[in-house]
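To keep things clear, I will list the structure first and then write my remarks on it.
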There are 2 protein chains.
Amino acid sequence: MTTDFSDTYFMRQALLEAQQALAEEEIPIGAVVVLDNKIIGRGHNQTERLRDVTAHAEMLALTAAANHVGNKYLAGATLYVTVEPCVMCAGASYWAQVARVVFGAEELKVGFRRFGHLLHPRTKLLGGVLADECVALMRDFFALKRK
Amino acid sequence: MTTDFSDTYFMRQALLEAQQALAEEEIPIGAVVVLDNKIIGRGHNQTERLRDVTAHAEMLALTAAANHVGNKYLAGATLYVTVEPCVMCAGASYWAQVARVVFGAEELKVGFRRFGHLLHPRTKLLGGVLADECVALMRDFFALKRK
């Protein structure tokens with residue numbers, strides 16, 4: 001039996017990270033960086049725990065991936081993230097020159113797409129993978145927060 | 001005798017950080033974060049040493065400042081940086097909600113201003129402080145690299 005290394009498969013891995021964030025009472029966003037069907041970096045939002053606005057899931061996953069391969073450039077890699085990246089994280093993906101950014105839920109308020117073409121010209125974009133599950137986690141979190 | 005805590009004064013501090021980057025053969029960009037005339041975070045570009053695209057001067061200075069004050073929000077603080085921030089760093093300053101971003105040299109290719117209003121609505125922007133000195137450091141670095 002072989003594993004089907006699809007975008008859905010890797011987004012489920014990012015969702016596991018998002019669930020970890022939820023367990024830590026962080027905004028539930030998770031990310032993984034994948035190269036040649038192998039996860040080379042993982043991260044989940046830790047802005048509260050670390051008291052650091054830069055500790056977004058994508059940033060931590062990109063840094064972990066660069067550490068893993070010993071190269072700050074992640075050409076050929078795909079960044080999977082449960083929610084559309086913000087401007088900061090889009091900018092980080094630009095510098096890393098990832099081949100693809102794949103996100104789950106769209107983010108109309110602080111998602112990067114509002115601001116135009118912030119990704120590297122070499123980076124392809126795909127949205128909406130497991131969007132319902134990614135949105136549901138966010139909705140649960142904010143519903144809990146309002147209580 | 002009192003110190004004149006001007007934008008020029010703090011940009012000189014950012015320039016000291018940039019010189020440190022140069023000494024480490026990094027692209028010479030430096031940053032400091034200032035609150036109530038006190039430097040609460042410093043950073044210089046370390047993308048080569050750390051092999052990490054997120055290790056820009058501003059990111060390191062913002063993280064250091066947040067650690068120092070124990071708060072991820074840096075309301076009232078000013079981010080000084082020797083070169084116009086990129087999209088990633090502009091995005092980080094958005095999340096930190098700094099009161100001001102003050103830069104030295106403009107960066108026409110990868111500076112954030114090309115992409116429109118990426119700063120937080122509360123953040124004021126000032127460019128051109130000690131621009132000649134900030135540019136000179138960059139020019140020296142790239143001239144050396146070409147040799």
Among beta bridges assigned by DSSP with both residues in chain B, the antiparallel ones amount in percent, to the nearest 5, to 55 percent
Find every distance from the label point of B:Ala99 to the corresponding label point in the other copies (7 Å from Cα along Cα→Cβ) and write them in nm, one decimal, shortest first. 4.8
How far is B:Arg49 from the same spot in each other copy, in nm, shortest first, if each label point sits 7 Å from Cα toward Cβ? 2.7
Provide Rg and Dmax in Å for the stretch A:88-147, with only Cα atoms included in the calculation. 13.5, 44
Inter-copy spacing of B:Lys145 label points, which lie 7 Å from Cα along Cα→Cβ, given in nm from shortest upward: 3.9
The protein assembly as shown, Rg to Rh (Cα coordinates; Rh as Kirkwood inverse mean 1/r): 0.99
Can you list the DSSP H helices in chain A whose Cα atoms extend at least 15 Å along the helix axis and whose mean Kyte-Doolittle hydropathy is 1.0 or higher? none
Quick check on the stretch B:8-72: take the gyration tensor over C-alpha atoms, sort the square-rooted eigenvalues as a ≥ b ≥ c, and tell me if it's rounded (a/c under 1.5), prolate or oblate. oblate
Kirkwood-based Rg/Rh on the Cα set of chain B evaluates to 0.95
For a quick check: sort A:Val69, A:Val102 by the number of other beta carbons within 10 angstrom, fewest at the front. A:Val69, A:Val102
Hey, what number do you get for chain B at 222 nm if only DSSP H runs of n ≥ 4 count, each worth -39500 (n - 2.57), divided across all residues, to the nearest 500? -12500 deg cm²/dmol
With Rg from the Cα atoms and Rh as the Kirkwood inverse mean 1/r over Cα pairs, the stretch B:41-83 has an Rg/Rh of 1.00
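Any read-out appearing in this document is the output of simple, stated calculations on the displayed coordinates, not a laboratory observation. Small disclaimer: the values here were computed from a predicted structure and weren't measured. Glycine also receives a Cβ, built like all others from the backbone with ideal geometry; neighbour counts cover every protein chain displayed.
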